[in-house]
Structures are given as C-alpha cells and as structure tokens.
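First comes the structure, then the notes that go with it.
Bear in mind these aren't lab numbers, they're just calculated from the coordinates by the rules spelled out. Since we're looking at a predicted model, the values are computed, not measured. Positions of Cβ are backbone-derived with ideal geometry, glycine not excepted, and every protein chain shown enters the neighbour counts.
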Amino acid sequence: MSKDKKIYFISGGGTGGHIYPAVSVVQELLKREDTDKIYYIGNPKNMEYDIVKQINGVEFLPINISGMPRKISFSFIKWIIKLEISLWKALFYIKKYKPDVVFTTGGYVSAPIAFIAGLLKVPLMIHDCDAIPGLVSKTAAPIANCVSVAFESAKNALKAENIVCTGNPVREEFITTSKEEARQKLGLRNKMTILITGGSQGAKTLNKAAIIIAQEIVERYDIQLVIQTGRKNYDEFIQKISQYFPNYALNTNLVIKPYFDEMYYALKSADIVVSRAGSLSLSELNLCGAACILVPYPYAAADHQRKNAKEAEKIGYALYCEDNELDGATLIKMLKSLFENPDKLTKMSEASYKNAKSDAKKTIINNLQSLIK
C-alpha cells in the first residue's frame, strides 16, 4: 500500500437518518484515487448491514450495541456489558486495521468507535443530521477533531472547538436522477404524483390516512399515488386497503411498496410528499424540489422533528400537521389546497430547491481529509 493511500472507518446506524449520510460519504470516498480501504462499523442486526453489504469495496465490521434502556433494570445491566464488549471490539479494530481517520454519523452503534478513536488520538470527525443533536453526538463532540452539522442551531448544543455547518450529505442520485426517469422506474406516467411515506420504519398514522384517501385520489382526481408503508406495516396495510378499496391492485395510478431501496426514485417522482420530518428526509426533499406536508413524529428525541417541520413551514416549502390531528379528511383537504393551486405548489417547490445544500458531501469530505496527518 502506498503511504498516500488512506484507510477510513465509517460508522452510523439504527435508522436511515444515520445510515444514508454515512453511505453517501462512503460512495464518494470510493471514487477517490487516494482511498485504499473503507471499513463500515455497524450492528449486523440493523438495517445498515443490508445496505452496506450491497456496496462493493466496503468491508463491514460488526459491533453488537443498540439503544440504551432508559430505566435501571436487568436490561440496562445487559446493555452495560454489551457496551464494554463493544468498546474492546472497537479497540481491536483500530489496532488491527489502523485507520487514518474515523467518521461517524450517530446512533448508538457509532459510540464505541468514536470514543476509542478519541482515546487513541485517531483523527475523528462526527456529523449530526438534526437541529437538536443526539446524545452520542453531544457526548463525543468534545473529543472530535471536527464536527459537522446540518443546522446552524445545532452548534449551540455542542461543545467542540471545530464545528462547521455543512448540511446533510445525500446520495448522488438525488441530484442526478430526473423526475421523468424516476417515474419511468416506478411504472408511472408523467403527471401529478403524490408520495406518502413514513420513512424507513413506516408510520401508522400516515398509513391509516393513506388507506382512507387512496381511492379518491387515484380515481376521482386521477392523480398518481405512491405509498411506502414500512416493512413491518405492509401486510396490515394491504389487508385494510382491500376493505376500503377492493380493486386497488388494478389501478395503474397506485403504487404500494413496503420499502424503497432506491428512495430517490420515489422522492424524485413526486410533486407533493407527505412525510415525517427527519432532517435527512428534509435534505433529500429539498434536492428533489418537492412541496411537503410534514407530520412530525411526536416522540422524536428532544422533539427535533417538530422543530424541523416548523422551520420548513417558515421557509415556505411545507404545510404542517400534528400527528394526532391527521386523518383522511384532514389529509385530503391539505392535498387539495396544493394540487388545486398550481401557483402555490410552484412557489413551495422553488422554496424547497432554494433550501437545498448540494455541496454538503464535498464540504464534509474536504474537512475529513484535512484531519489526516
């Protein structure tokens, strides 16, 4: 190996909001001639394993740690033991593979490698996607050589000497895929399209409202409707929509999937997106120029989704609805206020594009590589 070739440790897991920013950075590093090897540290029981294993040129290193129990119990004691084992494993990985730099995007799985990197003085950069940084980011920030954040407001919650606001790194396809290409991939025509998605985990509130309005949208208004139910909710969704809309499978305006591995096709195809308000989702939506109806998850840590959604509403690319206020009647009313008002829809789309940060990935990698001695 040439001394100019770099070895990278990348970690982030549990949810798409932690995984996909990390994957975006991985994909860019793979293109660089000075990249020798990339190792991804994650939990093999989480979705990061399935996603990373599809990327050629990346080796997955397992660490078996998950969220910390909130109460003192036997489960908490088991978690402490797992954490200690994970720290020793992280130490072993660093000693064996000798990374030039470590980059983490949050989630409990990234904590052991971040703390051991800090302890051993291996250059460490962490990225936090949310307006309100997570516990791992807050704890690791003081030992990191560089911290990147998606929101200016996040700087106030972190104690670190080197903090940069970059926006969230997203996969290149969110920039390069056209609306026409995306619709073709999903078997859709080139006309008004609505996407309803609860994110990688799905959202029962959104699914319930989608079931009620699906037939009216696709038949009465002749609008294409794409629904991502979440894997664990798919069977229940199909059972219930069969009751409300018996012939749903015959309507070419309707696409129902448990999960989109290539989410950029679903988002790029849409003129209007109904979704939760995770910060990565909003970064992706901005690059797609979609007008949004945001229904924040009410139990998100530090209520960050509600803050994200309120900010999006203020900027002008989203309508806001509380989770406990969303039903079929409310959703159809909000959707009609958009697809029956083309000027409003255009203004929201323009505001969304204007808020996009397409150079986030490049800025993050420049900062990451500057840490390598």
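Miscellaneous remarks
- Peptides 191-197, 117-123, 35-41 ranked from most to least packed, by the mean per-residue count of other Cβ atoms within 10 Å: 191-197, 35-41, 117-123.
- Simple Cβ-charge dipole of the chain, Lys/Arg +1 and Asp/Glu -1, about Cα centre, in debye nearest 20: 960 debye
- Linear extension gain, ALA249 paired with ASP222, 0.36 nm per residue minus alpha-carbon span: 8.2 nm
- Value at 222 nm in deg cm²/dmol, rounded to 500, when DSSP H runs of n ≥ 4 in the chain each add -39,500 (n - 2.57): -13000 deg cm²/dmol
- Inter-part distance where the range 318-357 and the range 273-304 are each reduced to a Cα centre, Å: 12 Å
- In a reduced charge model with +1 at each Lys and Arg Cβ and -1 at each Asp and Glu Cβ, the range 173-354 shows a dipole moment near 20 debye about its Cα centre.
- Long pairs among LYS6/LYS98; LYS121/LYS362; LYS179/LYS361; LYS314/LYS361; LYS204/LYS240, criterion Cα-Cα beyond 19 Å: LYS121/LYS362; LYS179/LYS361; LYS314/LYS361
- Gain upon complete extension [GLN201, ASP261; 0.36 nm per residue less C-alpha separation]: 20.3 nm
- Pairwise centroid distance, computed over Cα atoms, of the range 152-196 with the range 210-249, Å: 25 Å
- Cα-projected label distance for ILE72 with TRP88, points at 7 Å along beta-carbon direction, nm: 2.5 nm
- Note that the range 146-158 has calculated 3J(HN,Hα) couplings of 8, 10, 10, 10, 8, 10, 4, 4, 5, 4, 5, 9, 10 Hz, one per residue in order, obtained from phi through the Karplus relation 6.51 cos²θ - 1.76 cosθ + 1.60 (θ = phi - 60°); glycine and proline are x.
- Taking 0.36 nm per residue of separation and subtracting the current Cα-Cα distance, fully stretching the chain between TYR97 and ASP327 would add 77.6 nm.
- Taking amide hydrogens as placed 1.01 Å from N in the peptide plane, the amide H of LEU319 sits under 5 Å from those of CYS292, ILE293, LEU294, each at least 5 positions away in sequence or on another chain.
- Principal axis dimensions, the range 1-141 - Cα atoms, whole angstrom, descending: 50, 28, 26
- Reciprocal mean inverse distance between Cα atoms of the range 94-252 - Kirkwood radius, Å: 19.2 Å
- Modelled this way, with points 7 Å down the Cα-to-C-beta line, the labels at ASP303 and LYS53 are 4.1 nm from one another.
- Values of log10 I(q)/I(0) for the chain across q = 0.06 Å⁻¹ run -0.23, by the Debye formula with one identical scatterer at each alpha carbon and no solvent.
- In terms of packing, defined here as the mean over residues of other Cβ atoms within 10 angstrom, the peptides 362-372, 286-296, 71-81, 93-103 line up highest first as 286-296, 93-103, 362-372, 71-81.
- Per-residue Karplus couplings for the range 163-168, computed as 6.51 cos²θ - 1.76 cosθ + 1.60 with θ equal to phi - 60°, are listed in order as 10, 10, 9, 10, x, 8 Hz, Gly and Pro entered as x.
- Taking every C-alpha pair closer than 8 Å and separated by at least 6 residues, the mean separation divided by the residue count of the chain gives a relative contact order of 15 percent.
- Debye-formula intensities of the range 173-354, expressed as log10 I(q)/I(0) at q = 0.09, 0.18 Å⁻¹, are -0.27, -1.21 (one equal scatterer per alpha-carbon, no solvent).
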